[in-house]
Each structure stands twice: as C-alpha cells, then as structure tokens.
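Input: a single structure, listed below in structure tokens.
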Amino acid sequence: MLVLGIESSCDETGLALYDTERGLLAHAVHSQIDLHEAYGGVVPELASRDHIRRVVPLLRGVLDKAGCRREEIGAVAYTAGPGLAGALLVGAGFAEALALALNVPAVPVHHLEGHLLSPLLSADPPRFPFVALLVSGGHTQLMRVSGVGQYELLGETLDDAAGEAFDKTAKLLGLGYPGGPQLAALAVRGRPGRHALPRPMLHSGDLNFSFSGLKTAVLTRVRERSPDEGEKADLCAEFQAAIVEVLAAKALAALKAIALKQLVVAGGVGANRALRAALDAGAQGMGARVFYPELDLCTDNGAMIAFAGAQRLTFAAAAKQAGGFGVRPRWNLQEV
Ligand code: KG4
Ligand code: ZN
C-alpha cells in the first residue's frame, strides 16, 4: 500500500510517500527558518499560512519524484498532534479532504511516534524491544518501546526540553535561529570546562531530566560580564558538554535498568554530533548499540509520519474513515 505522510506540526512542511513493500519512495521538506528568523522563534500564524502555501506543491513534488499518480495513494497519514493548533489543522484538513476525495482511509499520527519509529526506516533497523531517547524542541523523554503503540515512559524532563534549552541559550548568547545547530557549531571552536556549569539531576537516582537551570546559569554568566567571541564559544562548549553528559548518562542507565542492548535516538537534538559520540562510546563500553534515523530524518519530516501511519495500519488498525477530525496540540504518547 502507498501511504502519503503529511507533517505540519511546527515550522516544517513535510510530505512523503512510503510503500509498505518498496519502502520510502520520496520525501520533501520545506523549512520555514527564513520566515521566522527575524522573530527569533516560530510565529504560529505565519507558520499556518506557510503550510497552506507549501502543501500542494510539495504533494506534486513527491508524486513526481516517486513516479506515482495521486489515485495510487492508499491511505493518508498526518500529524494530529502535539504541536501548534493552527499548523496542525492545515495538515489535518488537507489530509482528511484528500483522503475523502480519494475514498481512502485517513490515519492520525502522534508526532513523537513518528520520531520514535523513524530509525526503523534505515537500512539496518533496530528490533523491538528497545529504549528510545526522544530529544526534540518540545520533548525529552526516555521510553521503553516494546512494539508499535507499546510505549512505557521511563523518565522525562521536569521543565525545558533539551532542544528548548539549546534554543533559549543560543538566543541569550545572541546566536542565530534556530539555536541548537548554531550553538553546536560554535561549541566546536570552544573548550568545555573553562566556565563550569552544573550537570542537573545527574545523580538524582531516577531517569528524569531538568534543563532550565542550565540556561539560567548561562544567563547569570552573561549578565556578570558580556562574553567576547572566544568566551561565547567556551560557554557553548561547556553548555553542550553538560547537556550531553546528562542525556548520555541517563539513556545508558535506562538500558542497564531494564536490561536492553538497543538504544534508539530520535528528534532534532539527535542530530548533535557530541551527543552521538558520547552515546556511541558509552554503549560500546556496555556491549550495546545506538540506532539513529538518517540525518535528514532527524528533524521534522513527512517520511516518519508516512511510516508511522503505515505501521498503525498494519499493526493497530488505526485508520478511520476520512471525515470528522480534530487535532491535539497537547497529547501524551502513552495515550496512543
Ligand atoms: O524534532 P525537531 O525537528 O522538532 C520538534 O519536534 O521539536 O527538533 C528541533 C530541535 C530544536 O530545538 C533544534 O534546536 C534542535 O532540535 N537541534 C539541535 C541540533 N539540530 C537540531 N540541537 C542541538 N544540536 C544540533 N545539532
Ligand atoms: Zn519533531
């Protein structure tokens, strides 16, 4: 079956065609970074309007790339939450209308389930059960994943998500938008340890996180004395080292606690090279393995939604007749 996936939960419009036998046929993403850059963050109304502009051309693009006709689409999966309500409604409305017109099922997908299952799209995928570290702009969670739809929360952030901490800290250091990749790029030129920052909850004895204090610690430094370029790079290096150390320690502790040997890393922060290095080294030391989605599938995209939709159709009979629908701006993955 050919499944169309549509992602529009935040500032990326992503469309993809996944075939349950042939795999991923095409995917395309339009990022709104330029649109929101001047504001230093995503402006929800602008995001919704841009999704409207992009969704039809992107659909044509993926159909062309895959060499498929619209009539061959067998189901339409879309992100139903969590995310920005208006942005979600664009994708949901478009997906439901298309499904109705084609007389095929519509499949509402949880955005984080998309991220979580995305490493299964790679050539050498993990097998269930595994531990998943979800690190995005909105979430930081450790999960035990036993199968499609079987997600047990092991720990999560008590305040800011890891990506959010990267973004906010980058902003207060006057770096560009989006902050995570910019902060990571500057960190390469700095030395960790010159400005000691805390490792929040490293020894808390549970699998929870807290990142808002780290951002505040950087803010305090910056207020004491505005840093020059070299000091900024050192601060970035130390900030990144602190986040990476805590994320890696807890993810590996989760593997140990439930005696699993496979760790899946998903979400935008999973693109961070320092995090990957720390996880790979730590996992190797305990005979475990870390799985990442392909780099272009780390951040938001339609491929993960098409794939998660296809899994739901196969394993969870989650399709519904196109028609009445809603979106869930707030939505716990365990409720899926
Ligand atoms: O998964 P994602 O694309 O969107 C959400 O669902 O949130 O994640 C975006 C987040 C942003 O906070 C961004 O700054 C962060 O991922 N990010 C990074 C890197 N690339 C993206 N953070 C640190 N290092 C990176 N290389
Ligand atoms: Zn995401």
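Please list, ordered by residue number, the strands (runs of 3 or more DSSP E) wholly in the range 85-154 having 3 or more residues that are more than 14 Å from ligand 2 (Cβ to nearest atom), closer than 13 Å to residue 262 by Cα and modelled with pLDDT of 95 or more. First the steps, then the outcome.
Details: elements: 106-110, 130-135, 140-147.
Of the strands (runs of 3 or more DSSP E) lying wholly inside the range 85-154, those with at least 3 residues that are more than 14 Å from ligand 2 (Cβ to nearest atom), closer than 13 Å to residue 262 by Cα and modelled with pLDDT of 95 or more span 140-147.
Working carefully through the options 237, 253, 277, find the one that is out of contact with any strand residue (DSSP E or B) (no Cβ under 8 Å at 6 or more places or on another chain), over 22 Å from residue 117 (Cα atoms) and assigned to a helix (DSSP H, G or I). Please lay out each step first, then the result.
On the way: 253 fails: over 22 Å from residue 117 (Cα atoms); 277 fails: over 22 Å from residue 117 (Cα atoms).
The unique qualifying residue is 237.
Let me spell it out: the conditions are (1) under 21 Å from residue 148 (Cα atoms); (2) within 15 Å of ligand 2 (Cβ to nearest atom), and residue 259 meets all of them except one. Which number is the exception?
Checking residue 259 against (1) under 21 Å from residue 148 (Cα atoms); (2) within 15 Å of ligand 2 (Cβ to nearest atom), the one that fails is (2).
Residue by residue, here is whether (1) in a strand (DSSP E or B); (2) within 15 Å of ligand 2 (Cβ to nearest atom); (3) of a type outside the set (Gly, Ala, Ser) holds:
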position: 3; (1), (2), (3): yes, no, yes
position: 14; (1), (2), (3): yes, yes, no
position: 26; (1), (2), (3): yes, no, no
position: 36; (1), (2), (3): no, no, yes
position: 42; (1), (2), (3): no, yes, yes
position: 46; (1), (2), (3): no, no, yes
position: 53; (1), (2), (3): no, no, yes
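Give the range 155-166 a look and list any residue that's touching a Leu at 6+ places or on another chain (Cβ under 8 Å) and either within 15 Å of ligand 2 (Cβ to nearest atom) or over 20 Å from residue 37 (Cα atoms) (or both), or say none.
Across the range 155-166, the qualifying residues are 155, 156, 162, 166.
The values are calculated or read from the model by the stated rules, or taken from the named source; none is laboratory data. All values derive from a computational prediction rather than experimental measurement. Backbone-built Cβ (ideal geometry, glycine too); neighbour counts: all protein chains shown.
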